[in-house]
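Working notes, structure below.
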Amino acid sequence: MARPETTSASPEQSTLDCTESPRRWTREQRVDVARQLRGSMRTRDIARRLEVAPATVRDYLGDPSGQRARARRLRRPPGSCQRCGCATGPDRGARQFALCPRCAADERADWQRDDVIDAYLDWWTRFGEEPSSTDWNHTHATRRGGVALACFSSRCWPTMTVVHRLLGPWSQLAAEARARRD
């Protein structure tokens with residue numbers, strides 16, 4: 001049986017239990033282990049031992065307390081909700097949240113099974129072809145740009161989460177919409 005090791009970083013720091021998963025350790029304990037292993041192991045190997053991504057190990061080594069990352073997140077300007085105009089929180093890198101938490105929850109709750117099928121048929125009528133699951137995905141539409149983004153932005157489409165919750169796989173939605181159209 002492995003003996004618990006203690007870290008010498010600070011007296012108030014708790015005992016490091018090597019029998020538990022590193023995910024259950026505190027950030028300070030993982031930082032301490034990463035610092036100790038840095039001289040003898042590659043970042044990728046340390047990440048595997050700590051059960052985190054290599055980028056997380058680099059964060060531990062470059063910003064042990066996490067203060068710089070917190071400050072950077074707080075400096076990001078908040079977005080505004082497309083529905084009510086409230087702040088949506090800081091952006092997540094490449095894009096901001098489109099809706100505030102309250103409007104996002106309302107939107108998820110508003111969709112009914114028939115509404116989703118009607119949206120599918122509306123897309124088919126507007127654009128002359130059946131939508132694919134990526135047509136209703138913000139990230140895919142943004143990356144493709146042009147016509148794809150214009151089609152996506154033309155109205156509020158249900159998300160894949162909503163489709164799966166109400167109808168199951170995309171193929172089920174497509175089959176029900178085709179049956180209703182015929």
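The values are calculated or read from the model by the stated rules, or taken from the named source; none is laboratory data. Predicted model, so just to flag it, every value in this text is computed and none were measured. Here the Cβ positions follow ideal geometry from the backbone for every residue, glycine too, while neighbour counts run over all protein chains shown. Keep in mind that these areas ignore ligands, DNA and RNA; they rest on the heavy atoms of the full protein, side chains included. Shrake-Rupley method; radii C 1.70, N 1.55, O 1.52, S 1.80 Å.
Brief remarks on what is shown
- Odd one out for Val57, checked against (1) exposed (fewer than 15 other Cβ atoms within 10 Å of the Cβ); (2) under 30 Å from Thr88 (Cα atoms): (1)
- Residue match in the range 38-48 (condition: in contact (Cβ under 8 Å) with a residue 24 or more places away in the chain, open to solvent by less than 50 Å² (accessible area, probe 1.4 Å) and not hydroxyl-bearing (Ser, Thr, Tyr)): no
- Test: residue in the range 128-136 that is open to solvent by 40 Å² or more (accessible area, probe 1.4 Å) and modelled with pLDDT under 90: no
- Identification of helices (runs of 4 or more DSSP H) wholly contained in the range 95-182 with 1 or more residues that are within 27 Å of Gly85 (Cβ to Cβ), without any contact (Cβ under 8 Å) to a residue 60 or more places away in the chain and not β-branched (Val, Ile, Thr) yields 101-110, 113-127, 138-144, 146-153, 160-167.
- Wholly enclosed helices (runs of 4 or more DSSP H) of the range 1-85 bearing at least 3 residues farther than 30 Å from Cys103 by Cα, at pLDDT 75 or above and within 24 Å of the chain's Cα centre (by Cα): 43-50, 54-62
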